[in-house]
Every structure is written in structure tokens, then in C-alpha cells.
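Engineer: Following this message is one structure expressed as C-alpha cells.
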Amino acid sequence: MTSLPKDPPPLFGEDDRDTAVQRVQQAYAEGHISHEEMDERLHRALTATTHGELVPVLASLPAEKAGTTATIAAAGGRIKRRGEWRVPRTLKVASAFGKVHLDLSRAVFEHPVVDMELELGTGRARITVPRDAIVDLDGLNTGWKDTFYEPPERSRPGGPRIRISGTMGFGRLKIRHARRS
């Protein structure tokens, strides 16, 4: 009798690794683990190839802090955010008829990955991201209008990853990178 090969453990992305590293560093900064334990856990997180290998790295660490989701909404009118503001881990933006302008070029990113969930009706939206940001639009469903986004020819490492998802009706979305950092 021949046995079927076991499925390989699921692989994970750099976002998962970055989150694990950030949680280990936060636990050390808050005094939950020693310097030696931080070094050991960071080594294990950076060499892990599956989710299962990350489980012992994160074991006994404090849970992630709540309050990492914010919602900006308006039925009509304008939504405008610019300047220095803290970007939460998950940002939900809802606008039925108005214009949306989010300028993230000078915003403070506390998380390596930000999920932005858009619910746009008929208005226009413009999002300015940092020069070194990586933008992922795979989760965005568009209705009548397409999204305008041209990734930079050369990207610099170290910027936040912004994953944009949600739905757009008749509106138009334009995403551009800031000209300077």
C-alpha cells in the first residue's frame, strides 16, 4: 500500500515575518522578555519558513494591542486627511457621494503593513502614498471606473506595504507616490 505524500506546511509571506519581529521587539521594549530571549526569538522568526515555526516564537508574548482599526466615513461632502497623522493597522474609508483625499506622505506608520478598506460610491478618491511605499490593489473591486495607479520605476526598500481592498461604484480612484520623502 502506497501512502500519499503529506502536504507541505503552508508558507507565509514577509508580512507575517515582519509582524512577528515587531511583536518580539515590542515585548522586549515593554520588559516582557530578556535581551537574550529577544535575540533567540528574532533569529527563529527570521529563519522560519512556515506558520508552524512562528508559533513558538510568539508563544507567551502579550497579545497585539487593540484599537488598531479606524473608520473615516461621510455620506456626502469631503473626507480629507493630510499632514502628520498616525495610520492605524486597518483603515476603513467609506464615502457614498463625496470626494476623498488621503495624503499619507507625511503620516506616521506604526505597522509595516496597513490594510485600507475602501467603500466608495460615486465620488472621486485620491490617495498619496509615501515615496517608498509598496501598494497592493489585488483586493479592490471596481465597478464602472478603473483605478489609476502607476508604480514607481524604482522603489526604495523599507517603506510600508499598503494593501487596498473594498469596492468602488461609479467613482474614480487615483493613487500616486509622493515626490519627496
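Engineer: From 165, 105, grab the single residue that is part of a strand (DSSP E or B) and under 18 Å from the mean Cα position of the chain (by Cα). Before the answer, list the steps.
Structural biologist: On the way: 105 fails: part of a strand (DSSP E or B).
One residue alone meets the criteria, 165.
Engineer: Do we have residue 63 as closer than 24 Å to residue 108 by Cβ, surrounded by fewer than 15 Cβ atoms within 10 Å (Cβ to Cβ) and under 24 Å from the mean Cα position of the chain (by Cα) here?
Structural biologist: Yes: the conditions hold for residue 63.
Engineer: Suppose we keep only residues that are of a type in the set (Phe, Trp, Tyr) and farther than 11 Å from residue 177 by Cβ within segment 121-166. Which one would you say is modelled with the highest pLDDT?
Structural biologist: Taking the candidates together, the pick is 148.
Engineer: Which condition from (1) in contact with a strand residue (DSSP E or B) (Cβ under 9 Å, 6 or more places away or on another chain); (2) modelled with pLDDT of 85 or more; (3) buried (at least 16 other Cβ atoms within 10 Å of the Cβ) is the one that residue 57 breaks?
Structural biologist: (1)
Engineer: In this structure, does residue 167 turn out to be under 30 Å from residue 20 (Cβ atoms) and of a type in the set (Val, Ile, Thr)?
Structural biologist: The answer is no for residue 167.
Engineer: Being in a loop (DSSP other than H, G, I, E, B), at pLDDT 85 or above and not polar (S, T, N, Q) narrows it down to one of 84, 64, 36, 40, so name that one. It would help to see each step written out before you state the result.
Structural biologist: On the way: 64 fails: at pLDDT 85 or above; 36 fails: in a loop (DSSP other than H, G, I, E, B); 40 fails: in a loop (DSSP other than H, G, I, E, B).
Matching residue, one of 84, 64, 36, 40: 84.
Engineer: For residues that are surrounded by 15 or more Cβ atoms within 10 Å (Cβ to Cβ), modelled with pLDDT of 90 or more and of a type outside the set (A, V, I, L, M, F, W, C), tally how many sit in segment 167-178.
Structural biologist: Qualifying residue count for the region: 2.
The values are calculated or read from the model by the stated rules, or taken from the named source; none is laboratory data. Quick caveat: nothing in here was measured; it's all calculated off a predicted structure. Every residue, glycine as well, gets a Cβ built from its backbone with ideal geometry; the counts of neighbours run over all protein chains shown.
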